[in-house]
Amino acid sequence: MKIEIKIKISTETLTRKIGERPVAYVQLTTTAAAAIKSVLDTVNGNAMAFTVHEALDVLKLADRAEIYLDDRCVPLSDRAGAQLVYVPSSPRAAAYKNSPISTALTLSRTSSGWFLTGVERCVVWPLRRERFVLTISDKAAENLVRRTLRPFGRAPEANKAA
């Protein structure tokens, strides 16, 4: 079962100070939390283990994605277009005979914040780590390369036609 939706997770991206530098984070509204919980309950059914079943878990993923982007020096202006695909880890025991039901989430970042854009029931196999795949737009990647090379007096090579 796959549900494609668009629920806004954050009302705004705020900053807090961790150590010496400010880090962006997100907030969850009560109406968004209720909508997210309803969608997760619909997709997961009775399954609880190895699933994402709380709206707070989705908020933590959005927060984790913001920290991930911040740690890699992606500025707020380039974060629009980022997409996160997440699947929780599977059972730790190899002797687990069945493939349990899990939840695959897709979160998308726009200039106004994170949105939950997809929730899907999936199957996980024993001894698999969590899947946390965060992609950024081509424009953001080009800007990141340009900013990385600038201190060395270099410019990225133009795309060469084959």
Residue ID - nearest to Val124 (Cα to Cα), chosen from residues in the range 32-53 that are assigned to a helix (DSSP H, G or I) and among the hydroxyl-bearing types (Ser, Thr, Tyr): Thr42
It is to be established whether one or more residues within the range 66-79 are within 16 Å of Leu116 (Cβ to Cβ), part of a helix (DSSP H, G or I) and at pLDDT 85 or above. yes
Which numbered condition in (1) over 20 Å from Thr29 (Cα atoms); (2) of a type in the set (Val, Ile, Thr); (3) buried (at least 19 other Cβ atoms within 10 Å of the Cβ) is the only one that Val85 fails? (3)
Go through (1) within 20 Å of Ala32 (Cα to Cα); (2) at pLDDT below 95 for Trp125 and report which single condition fails. (1)
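On the basis of being of a type in the set (Gly, Ala, Ser), out of contact with any helix residue (DSSP H, G or I) (no Cβ under 6 Å at 6 or more places or on another chain) and surrounded by 19 or more Cβ atoms within 10 Å (Cβ to Cβ), does Ala65 make the cut? Don't jump to the end; show me each part of the working.
On the way: of a type in the set (Gly, Ala, Ser): yes; out of contact with any helix residue (DSSP H, G or I) (no Cβ under 6 Å at 6 or more places or on another chain): yes; surrounded by 19 or more Cβ atoms within 10 Å (Cβ to Cβ): yes.
For Ala65, the condition - of a type in the set (Gly, Ala, Ser), out of contact with any helix residue (DSSP H, G or I) (no Cβ under 6 Å at 6 or more places or on another chain) and surrounded by 19 or more Cβ atoms within 10 Å (Cβ to Cβ) - is met.
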Note down all Cβ pairs under 8 Å where the first residue falls in the range 18-43 and is of a type in the set (Gly, Ala, Ser), the second is at pLDDT below 75, and they're at least six residues apart or on different chains. Ala24/Thr13; Ala24/Leu14; Ala24/Thr15
Counted residues in the range 39-62 being surrounded by fewer than 16 Cβ atoms within 10 Å (Cβ to Cβ) and within 11 Å of the chain's Cα centre (by Cα) come to 1
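For (1) at positive phi; (2) among the hydroxyl-bearing types (Ser, Thr, Tyr); (3) surrounded by fewer than 17 Cβ atoms within 10 Å (Cβ to Cβ), each residue gets a yes or a no:
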| residue | (1), (2), (3) |
| --- | --- |
| Ser102 | no, yes, no |
| Arg109 | no, no, no |
| Gly113 | yes, no, no |
| Gly118 | no, no, no |
| Arg129 | no, no, yes |
| Ser137 | no, yes, yes |
| Ala140 | no, no, no |
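The values are calculated or read from the model by the stated rules, or taken from the named source; none is laboratory data. Bear in mind that the values here come from a model prediction, so they are computed numbers and not experimental data. For neighbour counting, all protein chains shown are included, and Cβ atoms are generated from backbone atoms with ideal geometry for every residue, glycine included.
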